[in-house]
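Undergrad: This structure is in structure tokens; I'll ask about it shortly.
Throughout, read-outs are computed from the coordinates displayed, never taken from laboratory work. What you see is a predicted model, and the numbers here were worked out from it, not measured in a lab. Note that we place each Cβ from the backbone using ideal geometry, even for glycine, and neighbour counts take in every protein chain shown.
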Amino acid sequence: MTTTLTTPTLAPQLAANWERLCPLEDLEVERGRAALLGEEQVALFLLPGGDVRAVDNHDPYSGANVIARGIVGSRGGRPTIASPMYKQVFDLRSGTCVDTRGKAVKRLRVWPVRTLDGDLYVLRGGAR
Amino acid sequence: MSTRIVVIGAGMAAHRLVDSLVTRAEERLSVTVLGDEARRPYDRVGLTRFFDGDSAEDLALPATIFADPRVTLHEDDPATAIDRGDRTVTTASGVVHPYDHLVLATGSVAARPPVEGAELPGCFVYRTLEDVGSLQRHVQERATALDRPVRGVVVGGGLLGLEAAGALQGMDAEATVLQSSDRLMSAQLDLPAGAVLRRLIEARGIAVRTEARTTALRPGPDGAVESVVLREGDELPADLVVLTVGVRPRDELARAVGLDCEERGGVRIDEACTTSDPRVHAIGEVAAFEGQCVGLVAPGFAMAEVVCDRILGGSATFAGYDLSTKLKLSGVDVASFGDAFATTPGALDIVYTDPVAGVHKKLVLSDDAKTLLGGMLVGDASAYGALRPLVGGPLGGDPAAHLLPAGGLSAPTSELPDEAIVCSCSSVSAGAIRHAVREQGCTDAAGVTACTKAGATCGSCTVMVKSLVTGELVKLGKAVTTGLCEHVDLSRRQLFDAVHVSGLTTFSAVIERFGRGRGCDVCKPVLASILAVLGGEHVLDGENATLQDTNDHVMANLQKDGTYSVVPRMPGGEVTPEGLIVVGEVARDFGLYTKITGGQRVDMLGARLEQLPQIWQRLVDAGFESGHAYGKSLRTVKSCVGSAWCRYGVLDSTDMAVRLELRYRGLRAPHKLKLGVSGCARECAEARSKDAGIIATAQGWNLYVGGNGGATPRHAELLAEGLDDDTLIRTLDRYFMYYLRTADKLQRTAPWLEALDGGIDGLRAVILEDSLGLAADLDAAMARHVENYRDEWAETLADPAKLARFRSFVNAPTTPDPGLAHVPERGQIRPARPEERDGDSVLIAGTTLEVRR
């Protein structure tokens, strides 16, 4: 593995538990996309600075798989996603709900993502 | 000759001292600050925010005080020696600074435990920006080299250790916290509270081991740390170790010149924060008061204020440590304040525990159960902001009410006394916050924070500050801010005018000029609506597509299970038999639930995201267009059959309804718009419950406006009577356009009309008598709308880039959401209820019918 990382003629590779999802260019800035990862769903977001964030697509408040379809914004400088269902707002970096609309605090799990050669990868089973 | 003050150290306490000196001093003074981190002072309390993406600049404390000509900051020239006889300080570069007053604010260094291997590569402390920066780099490097999540071990289960573990997790590393005592945060929490916290931390995916004493750190073949050895004999694998086992006061300079120091570290101070040399003060973590050094920012600030006052000739005293703390770890709420361990003789405690919800709260009260002495809150610290200011004062009402979950019994709302401290970091009282609003002209919480520093440090009191500010503004009869949200201070109406006048056409340009940040779910849709009216662009064009909530984005209505409803336009409720057959066929082929809406058209529910283009292709081919049931825009024009068929009809209401619906279709508004047209006074179209209701009379059309059905029904009011067709349409044009320009966000015509200057008479003056000279402008704007109207769905189907947005999954574009489940009911489908999904009810998978494109 170390040799492939340092040999310029060979493309670097990620371990098998990183799953390739799509070319990065399939994402639009500040508009989410859902991805299917086995039985689970991940919501992907490309932020204006080029950062990619991945959280659960499952909205813990409504039980529907809709987080990717919300509005991306910011609260106090932190990037956020507002669920399109009941409008709870989550911090995209930690998954914490920052506006619960009067409900109990719930959170989205956050998935590790990385990009390699213009492709986007997510770590299977990596949600936390 | 000015007073010369030399401050050794450039941390938070030093910053506060200098800030207070330059603010308060009237006499001449010169302040020299000697730092050693090569940085301007920054918010060390907020260090963990570094991992949330906050940069060093974000954390920097306001640098304006260093622009003051009386202040000189040497960020990177640490003091190396003090001469108490000559009263000078010498720095590393050899410069000698004479002083009249010397203030030691050297803080602490993070201690490493005295175990073998504590200095190995891969072992970090957690104290400075440099520490967290190198920790972050190390995690990234190891993650790349190992190609698996990095295993991190945090030695120390206190406040800082838990924040460090959270930070590791935020970098996708695994985290295990080792605590030598029997519970986490043992300085702040008792055993039951610590046990609840442990469960919360573990639920967050951080492993915890208590009574785990680290005896050695072992290196791997590369010389970097590889494992942690515990006294019990276990060995834990570790790719990196963070050591948070306490701090050591940096008292070396003081010791070297014979100032009295505590044996365990710290420069001894009295209640004037003066050391054994009357010319030398000590503040912050290096200062030992009554034998103790404390690593919290609030006492450091309090000491800074005392020293400032003393230097300026006052007689302030340090009242002792306030040990209140709040854990800054997302998703885990912990606070401890006052006499949390009930050490006061006769103290009583009241405990509320809910192990299922992971909540443990304890209040400590005086022996008569009237005075609040302190408390611990784990799992739900929402009461911290309200309770902590009450320490030492009467609690008011039943103490238990403060502990019960929100939504149960409401806590007593006795007003906070002026002397209650709201912000303990900056020692700001409720009275000072009220004063800032009343006398200093602050009009919002942000202004008060800038003015008083309340809420500027740890932020745990911001909710309390905001409620005090709002309460005071209301008392003063001042309007609470009408800004849209934190990004836009303008109201919708002001924003509309601003965009109109500036001619800007993109979100980025508008937010840069009239707002800040990247917007949110409140301001983005408002601006999308304004831009759609003024620009006439397709709602999915370019950047503006990201402003829309999902309904406008995919041009359908989101339902509770994440599917959508589809409503083609049927102007005036008119539909041909052929059209009705196509709708029926589409609903049948895609397995949709159908229902007649209140607006005289057909709703098809249960359509999945990826089916929408296929469904619409068939509808558009049959001559249908978008019904805008999803938009804040014209919905329907409801009508009776009118004079064409009805025995009693006076005018042709259906014909007028069709004309009006085709004229105003697609018009974006602050809220939805509904119209009704009745062919006679019997009012079968229920027109007076609409935003605009038109009723035929023998003299012509009567126009009623501002009606509403829904939760707050209101009959529309008569605006004009006996109108011919053209005058009716011109009046409606102006009415809608004036509403579009002046209403607040999500304000329907009924409340808009109630709030409008002069009410219905005022409206009549503007649109019928042209009292504001706006009429021509309003007419032109509506003409532009009519001319620019295009069917959004037909345009979308012709644009491959827009169609890409209807893929269900970026890596499986046509796979249905596997989470969807329907059950049969009365011959159609409906979403399965949770108990039906878990039980063995018959579930119907959605149709996967592929339709020729």
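Undergrad: Check A:Val110: other-chain or 5+ apart residues with amide H under 5 Å from its amide H, H built from backbone geometry?
TA: When sequence neighbours closer than 5 places are left aside, the close amide H contacts are A:Arg128.
Undergrad: A further question on this structure: Along the charge dipole of the protein assembly as shown, pointing to its positive end and built from +1/-1 on Cβ of Lys, Arg, Asp and Glu, which listed residue (B:Thr23, B:Gly773, B:Gly676) has its Cα farthest out?
TA: Comparing the listed Cα positions along the dipole, B:Gly676 ranks first.
Undergrad: Extension gain B:Asp222-B:Ala67, at 0.36 nm per residue separation less the Cα-Cα distance, in nm?
TA: Computed gain between B:Asp222 and B:Ala67 is 51.0 nm.
Undergrad: Moving on to the next point. Have a look at chain B and give its Rg and Dmax from the Cα atoms, expressed in angstrom.
TA: Values for chain B (Cα only, Rg and Dmax): 34.5, 112 Å.
Undergrad: Tell me, what is the FRET efficiency for B:Glu574 and B:Asp761 to the nearest 0.05, using R0 = 56 angstrom and their Cβ-Cβ distance as r?
TA: Efficiency computed from Cβ-Cβ geometry: 0.95.
Undergrad: Per residue, what volume in Å³ does the convex hull of the Cα atoms of the protein assembly as shown enclose?
TA: Dividing the Cα hull volume of the protein assembly as shown by its residue count gives 212 Å³.
Undergrad: Counting only the backbone N, which residues of segment B:151-193 are under 20 Å from the spot 7 Å out from the Cα of B:Glu211 toward its beta-carbon?
TA: B:155-158, B:177-193
Undergrad: Let me ask you something else. So, counting K/R as plus one and D/E as minus one, what does the shell of residues with Cβ under 13 Å around B:Met782 add up to?
TA: Taking every other residue near B:Met782 into account, the sum is +3.
Undergrad: Give the residue from B:Leu47, B:Ala92, B:Pro355 lying farthest towards the positive end of the charge dipole for chain B; charges sit on Cβ (+1 for Lys and Arg, -1 for Asp and Glu) and the dipole is referred to the Cα centre.
TA: Positive-most Cα among the choices belongs to B:Pro355.
Undergrad: Restricting to the protein assembly as shown, what percent of DSSP beta bridges are antiparallel, rounded to 5?
TA: 70
Undergrad: Hey, another quick one. Take every DSSP beta bridge whose two residues both sit in chain B, then give the antiparallel share in percent to the nearest 5.
TA: 65
Undergrad: What does DSSP give for segment B:1-98 in terms of the percent of beta bridges that are antiparallel, rounded to the nearest 5?
TA: Around 45 percent of the beta bridges assigned by DSSP in segment B:1-98 are antiparallel ones.
Undergrad: Once Rh for segment B:628-751 is found with the Kirkwood sum over Cα pairs, what is the Stokes-Einstein diffusion coefficient at 4 °C and 1.567 mPa s, in µm²/s?
TA: 92
Undergrad: Nearest 500 deg cm²/dmol is fine: what mean residue ellipticity at 222 nm does chain B get from its DSSP H runs of n ≥ 4 alone, each adding -39,500 (n - 2.57), divided by its residue count?
TA: The helix-only estimate for chain B comes to -8500 deg cm²/dmol at 222 nm.
Undergrad: Hey, another quick one. For segment B:27-133, what is the charge dipole size about the Cα centre, in debye to the nearest 20, if Lys and Arg each add +1 at the Cβ and Asp and Glu each add -1 at the Cβ?
TA: So the magnitude is around 300 debye.
Undergrad: Taking the Cα centre of chain A as origin, sum charge times position over the Cβ atoms of Lys and Arg (+1) and Asp and Glu (-1), and report the length of that vector in debye to the nearest 20.
TA: 620
Undergrad: Something else about it: Mind checking which of A:Pro60, A:Gly76, A:Ala127 is farthest towards the positive end of segment A:37-128's charge dipole, using Cβ charges of +1 (Lys, Arg) and -1 (Asp, Glu) about the Cα centre?
TA: Of the options given, the answer is A:Gly76.
Undergrad: Give me, ordered by chain and number, the residues 5 or more places off B:Asp77 or on other chains with an amide H under 5 Å from its own placed amide H.
TA: Residues meeting the amide H criterion: B:Gly35.
Undergrad: A follow-up question, please. Assign unit charges at the C-beta atoms only (+1 for Lys and Arg, -1 for Asp and Glu), then state the dipole size of segment B:584-646 relative to its Cα centre in Debye, rounded to the nearest 20.
TA: Dipole about the Cα centre, nearest 20: 300 debye.
Undergrad: Using only alpha carbon pairs under 8 Å that are at least six residues apart, calculate the relative contact order of chain B and give it in whole percent.
TA: Relative contact order here is 6 percent.
Undergrad: B:Arg231 to B:Thr343: extension gain in nm, 0.36 nm per residue of separation minus the Cα-Cα distance?
TA: Length gained between B:Arg231 and B:Thr343: 37.1 nm.
Undergrad: Hey, can you grab everything whose amide H is under 5 Å from the amide H of B:Ala60? Only 5+ residues off in sequence or another chain; H modelled, so Pro and N-termini drop out.
TA: B:Asp43
Undergrad: Averaged over A:112-121, how many beta carbons belonging to a partner chain fall within 10 Å of each residue's beta carbon?
TA: Across A:112-121, the average partner-chain Cβ count within 10 Å equals 1.
Undergrad: Here's a follow-up. Tell me, B:Ile82, B:Ile311, A:Ile81 in order of fewest to most beta-carbon neighbours within 10 Å?
TA: Fewest-to-most ranking of B:Ile82, B:Ile311, A:Ile81: B:Ile311, B:Ile82, A:Ile81.
Undergrad: Considering the alpha-carbon set of segment B:18-148 alone, what are its Rg and its Dmax in angstrom?
TA: 18.8, 62
Undergrad: Please rank B:Thr506, B:Thr325, fewest neighbouring Cβ atoms within 10 Å first, as an exposure proxy.
TA: With the sparsest Cβ surroundings first, the list reads B:Thr506, B:Thr325.
Undergrad: I need B:Lys524, B:Lys475, A:Lys106, B:Lys632 ordered by Cβ neighbour count within 10 Å, fewest first.
TA: Placing the least packed residue first, the sequence is B:Lys475, A:Lys106, B:Lys632, B:Lys524.
Undergrad: Can you give the local net charge around B:Val810? Use residues other than it whose beta-carbon is closer than 10 angstrom to its beta-carbon, Lys and Arg +1, Asp and Glu -1.
TA: Within the 10 Å Cβ shell, the charges total +1.
Undergrad: At what distance in angstrom do the alpha carbon centres of segment B:97-145 and segment B:766-806 lie from each other?
TA: Going from one Cα centre to the other spans 60 Å.
Undergrad: So how far apart, in nm, are the two label points at B:Asp54 and B:Arg255 if each is 7 Å from Cα heading toward Cβ?
TA: Taking the simple label geometry, B:Asp54 and B:Arg255 are separated by 3.3 nm.
Undergrad: Output the relative contact order of segment B:680-730, whole-number percent, from Cα pairs under 8 angstrom with separation of 6+ residues.
TA: 31
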